[in-house]
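A quick write-up on the structure given underneath.
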Amino acid sequence: MQWALIGASTIASQFMIDAIRAQAGNRVASVLSSSAERGKAYAGEHDIPEAFTDLDEQLAQDVDAVYISTTNEKHFPQAMAAIEAGKHVLCEKPLAMTVEDAITMVRAAEAAGVQFATNHHLRNAGSHLKIKDLIASGRVGKVQAIRVAHAVYLPPHLQGWRIDNPEAGGGVIPDIVVHDADTVRFHLDEDPAEVMAMERADSLGQGVEDSVMSVWQMPSGVTVQTHEGFTIRHAGTGFEVHGTEGSIFARNVMTQQSIGEIRLVTESGQETVPFSDHNLYTRAVGLYVDACAGKGTPAATGVDGVKSLAVAAAVKKSATSGARVAVDYGGI
Ligand code: NDP
């Protein structure tokens, strides 16, 4: 497949260009940037044949799929243009600024017959695939509660629009809560029904929240507690699943790397559970490429992206209103 990168982003340079090139017969044909100079430099640095500043010109080339990793407010118009041009779309999270726009993207892709997916990487991690197996095989019994620790220190090179630009979709809720929502949905195969949240701007956020804690009620009765942040330097990340027969303690697994450890505690004692260390993004792109060829489904579909955004929107609404909020999935 010929790919066009929409956005001269950090995530593409750190992970996604390599993940695309790791797929047999896949090639990065071009990159789009709002700056001709930055686009040209980015193309040169990553050995990409062409750089564009005009999306229509880029889409008019021989391109099968686009990967969108611009700032969040651009995802909707760029995805709609790519769908209209008949391209497959792999879009970064959050899919859009509103649930309504995200649903419009998913419906437009369905109508156009193109493959649309969300780049939620965590459900591709060996650690999370193993946790899902442990839950499904009954090792913890009936799940009662989940605790997610995803408060990190945002590296200085990413302290741009994320901490001071609400119009670009800045803030820790659109950035990280969506990932946690997707991961919880992945493990429990159900969608959060209600949330209660508190947010604040601790030390980095200017006009946006940089810290949030929330509690989610799942339809099965499972309670989920999450903590997302940009300002916590030394906590590490974690994902805990507590059930009637056991508890899973996974450390450093809310990350882009194939790292971390899983400990299972049951009546018979403690064990460390090994898992695959494959690259998360390479797996995600591989499943996406297969889906474009009519084989299987992407790791995280467009509907998954709508639902993670809906949970984040409810968390924001609860944090700003102080009320308990029912998650509105817009009927999808
Ligand atoms: P970046 O800030 O690196 O890139 C976003 C945009 O910022 C680019 O499209 C680019 O605009 C512009 N930009 C980049 N570098 C510069 C610069 N030096 N000066 C001025 N503008 C610049 O964002 P990220 O890569 O961190 O995130 C991009 C998207 O990917 C977001 O939607 C984010 O939520 C998502 N993401 C997803 C991850 C995942 O694991 N799924 C992980 C990280 C991010 P232009 O293209 O016009 O040049």
**Request:** Residue by residue through the stretch 252-267, note down the ones that are within 23 Å of the chain's Cα centre (by Cα) and part of a loop (DSSP other than H, G, I, E, B).
**Result:** Asn252, Val253, Met254, Thr255, Gln256, Gln257, Ser258, Ile259, Gly260
**Asked** Mind checking which residues of the stretch 61-86 are open to solvent by less than 20 Å² (accessible area, probe 1.4 Å) and either out of contact with any Phe, Trp or Tyr (no Cβ under 8 Å at 6 or more places or on another chain) or polar (S, T, N, Q) (or both)?
**Response** Ile68, Ser69, Asn72, His75, Ala82
**Request:** State whether one or more residues within the stretch 187-197 are open to solvent by less than 30 Å² (accessible area, probe 1.4 Å), within 13 Å of the ligand (Cβ to nearest atom) and either on the phi > 0 side of the Ramachandran plot or at pLDDT 95 or above (or both).
**Result:** no
**Message:** Residue under question is Lys295, and the condition is that it be at negative phi, assigned to a helix (DSSP H, G or I), open to solvent by 10 Å² or more (accessible area, probe 1.4 Å) and of a type in the set (Lys, Arg); does it hold?
**Reply:** no
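Out of curiosity, is Lys93 basic (Lys, Arg), crowded, with 22+ Cβ neighbours inside 10 Å and touching a residue at least 60 places away in the same chain (Cβ under 8 Å)?
On the way: basic (Lys, Arg): yes; crowded, with 22+ Cβ neighbours inside 10 Å: yes; touching a residue at least 60 places away in the same chain (Cβ under 8 Å): yes.
So Lys93 passes the test.
Residues that are exposed (fewer than 14 other Cβ atoms within 10 Å of the Cβ) and not acidic (Asp, Glu): does the stretch 51-58 have at least one? Steps first, answer last, please.
Of all residues in the stretch 51-58, those exposed (fewer than 14 other Cβ atoms within 10 Å of the Cβ) come to 54, 56-57.
Those left that are additionally not acidic (Asp, Glu): none.
So far as the stretch 51-58 goes, no, none of its residues is exposed (fewer than 14 other Cβ atoms within 10 Å of the Cβ) and not acidic (Asp, Glu).
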**Close pairs from the stretch 157-182: first on the phi > 0 side of the Ramachandran plot, partner among the aromatic types (Phe, Trp, Tyr) and open to solvent by 10 Å² or more (accessible area, probe 1.4 Å), Cβ under 9 Å, at least 6 apart** = Gly169/Trp161
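When you scan the stretch 240-251, do you find a residue that is touching a strand residue (DSSP E or B) at 6+ places or on another chain (Cβ under 8 Å), assigned to a loop (DSSP other than H, G, I, E, B) and surrounded by 23 or more Cβ atoms within 10 Å (Cβ to Cβ), even just one?
Looking only at the stretch 240-251, we keep the residues that are touching a strand residue (DSSP E or B) at 6+ places or on another chain (Cβ under 8 Å), and these are 240-251.
Add one more test, that the residue is assigned to a loop (DSSP other than H, G, I, E, B), and what stays is 244-245.
Those still in the list that are surrounded by 23 or more Cβ atoms within 10 Å (Cβ to Cβ) too: none.
Checked against the condition, which is being touching a strand residue (DSSP E or B) at 6+ places or on another chain (Cβ under 8 Å), assigned to a loop (DSSP other than H, G, I, E, B) and surrounded by 23 or more Cβ atoms within 10 Å (Cβ to Cβ), the stretch 240-251 yields no hits at all.
With the structure loaded, tell me whether Thr118 is within 30 Å of Cys292 (Cα to Cα), open to solvent by 50 Å² or more (accessible area, probe 1.4 Å) and within 16 Å of the ligand (Cβ to nearest atom) or whether it fails that test. Before the answer, list the steps.
Working: within 30 Å of Cys292 (Cα to Cα): yes; open to solvent by 50 Å² or more (accessible area, probe 1.4 Å): no; within 16 Å of the ligand (Cβ to nearest atom): yes.
So Thr118 fails the test.
Residue under question is Lys307, and the condition is that it be charged (D, E, K, R), open to solvent by 60 Å² or more (accessible area, probe 1.4 Å) and in a helix (DSSP H, G or I); does it hold? First the steps, then the outcome.
On the way: charged (D, E, K, R): yes; open to solvent by 60 Å² or more (accessible area, probe 1.4 Å): no; in a helix (DSSP H, G or I): yes.
For Lys307, the condition - charged (D, E, K, R), open to solvent by 60 Å² or more (accessible area, probe 1.4 Å) and in a helix (DSSP H, G or I) - is not met.
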**Request:** Could you grab me the full set of residues in the stretch 137-155 that are out of contact with any His (no Cβ under 9 Å at 6 or more places or on another chain) and within 17 Å of Glu209 (Cα to Cα)?
**Result:** Val152, Leu154, Pro155
**Complete:** Tyr288 meets each of (1) aromatic (Phe, Trp, Tyr); (2) part of a loop (DSSP other than H, G, I, E, B); (3) under 20 Å from Ile20 (Cβ atoms) with one exception, condition (2)
**Request:** Output the number of residues of the stretch 130-182 satisfying the condition of being more than 22 Å from Ala312 (Cβ to Cβ), open to solvent by 50 Å² or more (accessible area, probe 1.4 Å) and away from the ligand (no atom under 11 Å from the Cβ).
**Result:** 8
**Prompt:** Counting only residues that are farther than 23 Å from Trp216 by Cα and small (Gly, Ala, Ser), which one in the stretch 128-165 is farthest from the chain's Cα centre (by Cα)?
**Reply:** Ser137
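The values are calculated or read from the model by the stated rules, or taken from the named source; none is laboratory data. All values derive from a computational prediction rather than experimental measurement. Cβ atoms come from the backbone with ideal geometry, glycine included; neighbour counts cover every protein chain shown. Calculation scope for accessible area: heavy atoms of the full protein, side chains included, ligands and nucleic acids excluded. Shrake-Rupley method; radii C 1.70, N 1.55, O 1.52, S 1.80 Å.
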